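Undergrad: Quick one: the structure is below, questions incoming.
The values are calculated or read from the model by the stated rules, or taken from the named source; none is laboratory data. Predicted model, so just to flag it, every value in this text is computed and none were measured. Here the Cβ positions follow ideal geometry from the backbone for every residue, glycine too, while neighbour counts run over all protein chains shown. The accessibility values were calculated without ligands, DNA or RNA, using every heavy atom of the protein model including side chains. Shrake-Rupley method; radii C 1.70, N 1.55, O 1.52, S 1.80 Å.
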Amino acid sequence: MQIADLPIAPALAACYAEKGIRALYPPQADCVEKGLFEGNNLLIAIPTASGKTLVAEMAMHHHIGRGGKCLYIVPLRALANEKYDDFSGKGVRVGIATGDFDRRDDYLGRNDIIVATSEKVDSLLRNKTNWLSEVSLLVLDEVHLIDSPDRGATLEMVITKLRHKNPAMQIIALSATIGNPESLAGWLDAELIESEWRPVDLREGVYYHGCIHFPDNDRPVERRTKHEDLDLCLDTISENGQCLVFVSSRKNAEAFAKRAAAGLKLESPVLTGYAESIRSKADTDTEKTLAACVAHGAAFHHAGLKKEERRIVEQGFREGAIKVISSTPTLAAGLNLPARRVIIRDYLRFNSGEGMVPIPVREYRQMAGRAGRPHLDPYGESVLIAKGEEMIDELFDCYIEAPAEDVRSQCANEAVICSHILSLIATGFAREHDELTAFMEKTFYAASSESPAILKRAVHRVLEFLRESEMILEVGEWIEPTEYGSLVSRLYLNPWSAERIATTLPRVDGYSDIGLLQLLCTTPDMPTLYVRKNDAYYLDKFIAEHGEELWTEIPWHADEGFERSLKTALLLNDWANELGEEMICERYGVGPGDVYAMVESVNWLIHASRQLAGMFAPELAKSIEEMELRMKHGIRPELLPIVRLRGIGRVRARRLFNNGFTSLDAIRSAGPEKLGRILGQGIAAQIFEQLEGKRDAIGEEPADQQSTLFHFG
DNA sequence: GTGTGGCGCGTCTAGACAGCATGTC
DNA sequence: CTAGACGCGCCACAC
């Protein structure tokens, strides 16, 4: 089937022609035949990199051409950015909405395509965003994630809500290969397109003892080092290919990259450039190690790295300068970063409570599917490493030839639907019991499960909780949100978190930073740090010296949850007291990327608890707001006035303060020259411009805060 | 005294969404 | 309540 024969705009066809795309791949043609352009719902379950995005894009342009609006839902922010770039520059207006980046909501609605994470869409629904009802085409990327225990229910509820709102909307669901596609397609009223076809041939094998066993033949691998995983890598690189190695822990990823760097010994100006751009900003050991590896053509990739560092690694690999990346599952789920050979070294992963568990087949496929760069590699290879001879067959059975797992709804889990039930009530999707039941009948759970009683019981218990915590009122058949419940829904807060915060704040005997932070860290919305053996010492010491500052009860016996919350709170407290990144990472055994992730999470929770304080403990609102600002910048209280200036953050504010510029007045009266000696003339001039221009605005800011603070009082 | 290698044991273990309002070094 | 790698302390040994 030729692109030219399709009912798509000439401009888009020209874009494709320019990239050399003239004909559709067989599965893509299948989509057209099954009614892609006739408004049929489709569930497309085909391997990664076999052209799902193109199908979605053609459908979106088709809708836009007829005045429609498209919403493209992705599971990750990084993916949202990637898709945003993909879709931009082709004659349509594209917007992006994720937690860390969005255009103003009303403005967002003026776009033809909006790319968003599922949580962001949920949040937009809760805040009654008007343009959502104009969506005529919904694209669901990676729908199989509907069975993720922690986030799947959100996706399922968002889909159900959007269908409820726009019954005529077309749905295109993109999925990895799954065990029960009929079931999912049935729920979506969708035509099913299934295929194993790939544009680049994929050969899946198992390595053992100097040889890769493929289904039809074997391939010897030269033993060059004492590490088999490294031999496999060097084998590919000697044929001018690149390698992606998946391992089970960060430590393993770093250790492998070091070995690979030592084995490769590559050197080039490009590599030196990349290494230098990492090293120049490197504060921590992790970052220095990364720079050293990159200099020799190897790298590691995990969530402890900053976004910028991950970006450099990805770019270096795409350009071909970096030959090997050893990675935790960060890269498996995320970006499109193909390689000639994928080595799945660790197929067991630690799981607290269960020990080492084999990774799911679907995840194996996800990683293996990364092998083979279209148009660049003659074929792709994915290799599992067998530890013993008997494992060869077992790995073939359990992964290469195994059927993919079924996708199952997570909606019967009380813990995850609590938030969604509240939002249904708060947003008016369900105003009485029957409506709520009717809505839940439309979920994938109801469509696929044989035990409706479980869902019914979960909903019942959730309602009980919401009623008792006074987030909803039940009057006969009617259910109404309270002002509190409505606030919790809009803040996108887990009701359990909200209840914990709202019941603790009024009982607090005086504000304390650590009290607030530790409370927030006991909340299910806050990820907490793993407590190691030698953390016990300083945790105990802290409790002995500052225990009375805590707002939650100190348990009598060792309690993992409590220890984790306290350790995490101490990290955040160190950040807000300007402890250096290097020190924080060393003290708590985390990477710089983790620090940012935790600060970001707690910022959101601090913001939410300030709102809750407005309602339940107004006397604390002022202090919490101050903490919100301090945490955002990572500063002690005395820098608060200075950091209001644009271009001034953690580091510059501290430098100013230590040089006697302790307030805006002090800066103003010192004059631009003196200031310039400390920060450089450029920034000094820019600051004085602000001081001149906004003299009144800045001066009045404290009064301004007061008025908004007690908004809920 | 110093550098190197081997052994045994204890320790530790992936990821990442959301609010709000715009700009760190 | 699981598997395996890493890294430390310790010791033996060579120079």
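Undergrad: Going by the conditions given, is A:Tyr530 open to solvent by 40 Å² or more (accessible area, probe 1.4 Å), in contact (Cβ under 8 Å) with a residue 24 or more places away in the chain and away from DNA strand C (no atom under 16 Å from the Cβ)? I'd like the intermediate steps shown before the answer.
TA: Details: open to solvent by 40 Å² or more (accessible area, probe 1.4 Å): yes; in contact (Cβ under 8 Å) with a residue 24 or more places away in the chain: yes; away from DNA strand C (no atom under 16 Å from the Cβ): no.
Against the criterion (open to solvent by 40 Å² or more (accessible area, probe 1.4 Å), in contact (Cβ under 8 Å) with a residue 24 or more places away in the chain and away from DNA strand C (no atom under 16 Å from the Cβ)), A:Tyr530 does not qualify.
Undergrad: Looking only at residues that are out of contact with any Asp or Glu (no Cβ under 9 Å at 6 or more places or on another chain) and closer than 17 Å to A:Arg311 by Cβ in the range A:258-273, which one is most open to solvent (accessible area, probe 1.4 Å)?
TA: Step by step, filter the range A:258-273, then rank; the result is A:Gly273.
Undergrad: Residue check: is A:Leu331 open to solvent by less than 20 Å² (accessible area, probe 1.4 Å) and either assigned to a loop (DSSP other than H, G, I, E, B) or within 16 Å of DNA strand C (Cβ to nearest atom) (or both)? Walk me through it before giving the result.
TA: Values: open to solvent by less than 20 Å² (accessible area, probe 1.4 Å): yes; either assigned to a loop (DSSP other than H, G, I, E, B) or within 16 Å of DNA strand C (Cβ to nearest atom) (or both): no.
It is false that A:Leu331 is open to solvent by less than 20 Å² (accessible area, probe 1.4 Å) and either assigned to a loop (DSSP other than H, G, I, E, B) or within 16 Å of DNA strand C (Cβ to nearest atom) (or both).
Undergrad: Something else about it: For A:Phe429, work out the one condition from (1) over 29 Å from A:Leu348 (Cα atoms); (2) touching a Phe, Trp or Tyr at 6+ places or on another chain (Cβ under 9 Å); (3) in a helix (DSSP H, G or I) it doesn't fulfil.
TA: Of (1) over 29 Å from A:Leu348 (Cα atoms); (2) touching a Phe, Trp or Tyr at 6+ places or on another chain (Cβ under 9 Å); (3) in a helix (DSSP H, G or I), only one is false for A:Phe429: (3).
Undergrad: Pick from the range A:504-527 the residues that are β-branched (Val, Ile, Thr) and more than 19 Å from A:Glu600 (Cβ to Cβ): which of them is surrounded by the fewest Cβ atoms within 10 Å (Cβ to Cβ)?
TA: First, pick out the residues of the range A:504-527 that are β-branched (Val, Ile, Thr): A:504, A:508, A:514, A:522-523.
Adding the requirement that they be more than 19 Å from A:Glu600 (Cβ to Cβ) leaves A:504, A:508, A:514.
Numbers: A:Thr504: 21, A:Val508: 16, A:Ile514: 19.
Among those that are β-branched (Val, Ile, Thr) and more than 19 Å from A:Glu600 (Cβ to Cβ), it is A:Val508.
Undergrad: Further question on the same structure: Taking A:Tyr537 and the conditions (1) over 26 Å from A:Leu612 (Cβ atoms); (2) hydroxyl-bearing (Ser, Thr, Tyr); (3) open to solvent by less than 10 Å² (accessible area, probe 1.4 Å), which numbered condition does it fall short on, given that it satisfies the others?
TA: (3)
Undergrad: Exactly one of these conditions fails for A:Gly510: (1) assigned to a helix (DSSP H, G or I); (2) without any contact (Cβ under 8 Å) to a residue 12 or more places away in the chain; (3) not hydrophobic (A, V, I, L, M, F, W, C). Give me its number.
TA: (1)
Undergrad: Next question, about the same structure. Could you list, in sequence order, the residues of the range A:462-476 that are at pLDDT 95 or above and either of a type in the set (Ser, Thr, Tyr) or not in a strand (DSSP E or B) (or both)?
TA: Those that are at pLDDT 95 or above and either of a type in the set (Ser, Thr, Tyr) or not in a strand (DSSP E or B) (or both): A:Val462, A:Leu463, A:Glu464, A:Phe465, A:Leu466, A:Arg467, A:Glu468, A:Ser469, A:Glu470, A:Met471.
Undergrad: Whether any residue in the range A:384-391 is without any contact (Cβ under 8 Å) to a residue 40 or more places away in the chain, open to solvent by 30 Å² or more (accessible area, probe 1.4 Å) and within 16 Å of DNA strand C (Cβ to nearest atom) is what I want to check.
TA: So far as the range A:384-391 goes, yes, one or more of its residues are without any contact (Cβ under 8 Å) to a residue 40 or more places away in the chain, open to solvent by 30 Å² or more (accessible area, probe 1.4 Å) and within 16 Å of DNA strand C (Cβ to nearest atom).
Undergrad: What residue, among those in the range A:206-251 that are surrounded by fewer than 19 Cβ atoms within 10 Å (Cβ to Cβ) and within 16 Å of DNA strand B (Cβ to nearest atom), is farthest from A:Gln315 (Cα to Cα)?
TA: Within the range A:206-251, the match that is farthest from A:Gln315 (Cα to Cα) is A:Lys226.
Undergrad: Among A:Thr160, A:Thr154, which is the only one that is open to solvent by 10 Å² or more (accessible area, probe 1.4 Å) and polar (S, T, N, Q)? Can you show your working first?
TA: Details: A:Thr160 fails: open to solvent by 10 Å² or more (accessible area, probe 1.4 Å).
Testing whether each residue is open to solvent by 10 Å² or more (accessible area, probe 1.4 Å) and polar (S, T, N, Q) leaves just A:Thr154.
Undergrad: Can you name the residue in the range A:1-52 that is closer than 23 Å to A:Glu196 by Cβ and modelled with pLDDT under 90 and, of all such residues, is most open to solvent (accessible area, probe 1.4 Å)? Step through it out loud before you land on a result.
TA: Here is the first cut: in the range A:1-52, the residues closer than 23 Å to A:Glu196 by Cβ are A:1, A:21, A:23-36, A:40-52.
With the extra rule that they be modelled with pLDDT under 90, the set shrinks to A:1, A:21, A:47-51.
Working: A:Met1: 83, A:Ile21: 50, A:Pro47: 21, A:Thr48: 35, A:Ala49: 55, A:Ser50: 0, A:Gly51: 18 Å².
Ranking the candidates gives A:Met1 first.
Undergrad: Mind checking whether some residue in the range A:645-658 is outside any helix (DSSP H, G or I) and open to solvent by 30 Å² or more (accessible area, probe 1.4 Å)? Before the answer, list the steps.
TA: Going residue by residue through the range A:645-658, those that are outside any helix (DSSP H, G or I) are A:645-649.
Right, trim to open to solvent by 30 Å² or more (accessible area, probe 1.4 Å) and you get A:646-647.
Looking through the range A:645-658, at least one residue is outside any helix (DSSP H, G or I) and open to solvent by 30 Å² or more (accessible area, probe 1.4 Å).
Undergrad: Another question about this same structure. Return the residue satisfying two criteria in turn: it lies in the range A:91-140 and is among the basic types (Lys, Arg) and within 15 Å of DNA strand B (Cβ to nearest atom), and of such residues it is nearest to A:Arg490 (Cα to Cα). Can you show your working first?
TA: Filtering the range A:91-140 down to residues among the basic types (Lys, Arg) leaves A:93, A:103-104, A:110, A:120, A:126, A:128.
Applying the additional criterion that residues be within 15 Å of DNA strand B (Cβ to nearest atom) yields A:103-104, A:120, A:126, A:128.
Values: A:Arg103: 18, A:Arg104: 17, A:Lys120: 12, A:Arg126: 6, A:Lys128: 9 Å.
Only one residue tops the list, namely A:Arg126.
Undergrad: What number of residues in the range A:575-589 are surrounded by fewer than 21 Cβ atoms within 10 Å (Cβ to Cβ) and either free of Cβ contacts under 8 Å to residues at least 24 places away in the same chain or of a type in the set (A, V, I, L, M) (or both)?
TA: Residues that pass the stated criteria total 3.
Undergrad: Now for a separate question. Give the range A:421-436 a look and list any residue that's open to solvent by less than 10 Å² (accessible area, probe 1.4 Å) and under 13 Å from A:Met471 (Cβ atoms), or say none. Break it down stepwise before answering.
TA: The initial filter retains those residues of the range A:421-436 that are open to solvent by less than 10 Å² (accessible area, probe 1.4 Å), namely A:421-425, A:430, A:436.
A:Ile421, A:Leu422, A:Ser423, A:Leu424, A:Ile425, listed by residue number.
Undergrad: Would you check if there is a residue in the range A:233-243 being outside any helix (DSSP H, G or I) and within 27 Å of the chain's Cα centre (by Cα)? Full working, then the answer.
TA: So the first thing to find is which residues in the range A:233-243 are outside any helix (DSSP H, G or I), and the list is A:239-243.
Within this subset, residues satisfying the condition of being within 27 Å of the chain's Cα centre (by Cα) are A:242-243.
Scanning the range A:233-243 turns up at least one residue that is outside any helix (DSSP H, G or I) and within 27 Å of the chain's Cα centre (by Cα).
Undergrad: Related question: Of the residues A:Ala176, A:Ala168, A:Ala185, A:Ala116, only one is in contact (Cβ under 8 Å) with a residue 12 or more places away in the chain and in contact with a helix residue (DSSP H, G or I) (Cβ under 6 Å, 6 or more places away or on another chain); which? Break it down into steps so the answer makes sense when it comes.
TA: Values: A:Ala168 fails: in contact with a helix residue (DSSP H, G or I) (Cβ under 6 Å, 6 or more places away or on another chain); A:Ala185 fails: in contact with a helix residue (DSSP H, G or I) (Cβ under 6 Å, 6 or more places away or on another chain); A:Ala116 fails: in contact with a helix residue (DSSP H, G or I) (Cβ under 6 Å, 6 or more places away or on another chain).
Of the residues listed, the single one that is in contact (Cβ under 8 Å) with a residue 12 or more places away in the chain and in contact with a helix residue (DSSP H, G or I) (Cβ under 6 Å, 6 or more places away or on another chain) is A:Ala176.
Undergrad: Next up: For the range A:1-45, give me each residue that is hydroxyl-bearing (Ser, Thr, Tyr) and not in a helix (DSSP H, G or I).
TA: Pass one, the range A:1-45, residues hydroxyl-bearing (Ser, Thr, Tyr): A:16, A:25.
A:Tyr25, the sole residue that qualifies.
Undergrad: Is it true that A:Val200 is crowded, with 16+ Cβ neighbours inside 10 Å, β-branched (Val, Ile, Thr) and out of contact with any helix residue (DSSP H, G or I) (no Cβ under 6 Å at 6 or more places or on another chain)? So that I can check it myself, show each step before the final result.
TA: Values: crowded, with 16+ Cβ neighbours inside 10 Å: yes; β-branched (Val, Ile, Thr): yes; out of contact with any helix residue (DSSP H, G or I) (no Cβ under 6 Å at 6 or more places or on another chain): yes.
Considered against the rule, which asks whether it is crowded, with 16+ Cβ neighbours inside 10 Å, β-branched (Val, Ile, Thr) and out of contact with any helix residue (DSSP H, G or I) (no Cβ under 6 Å at 6 or more places or on another chain), A:Val200 comes out as yes.
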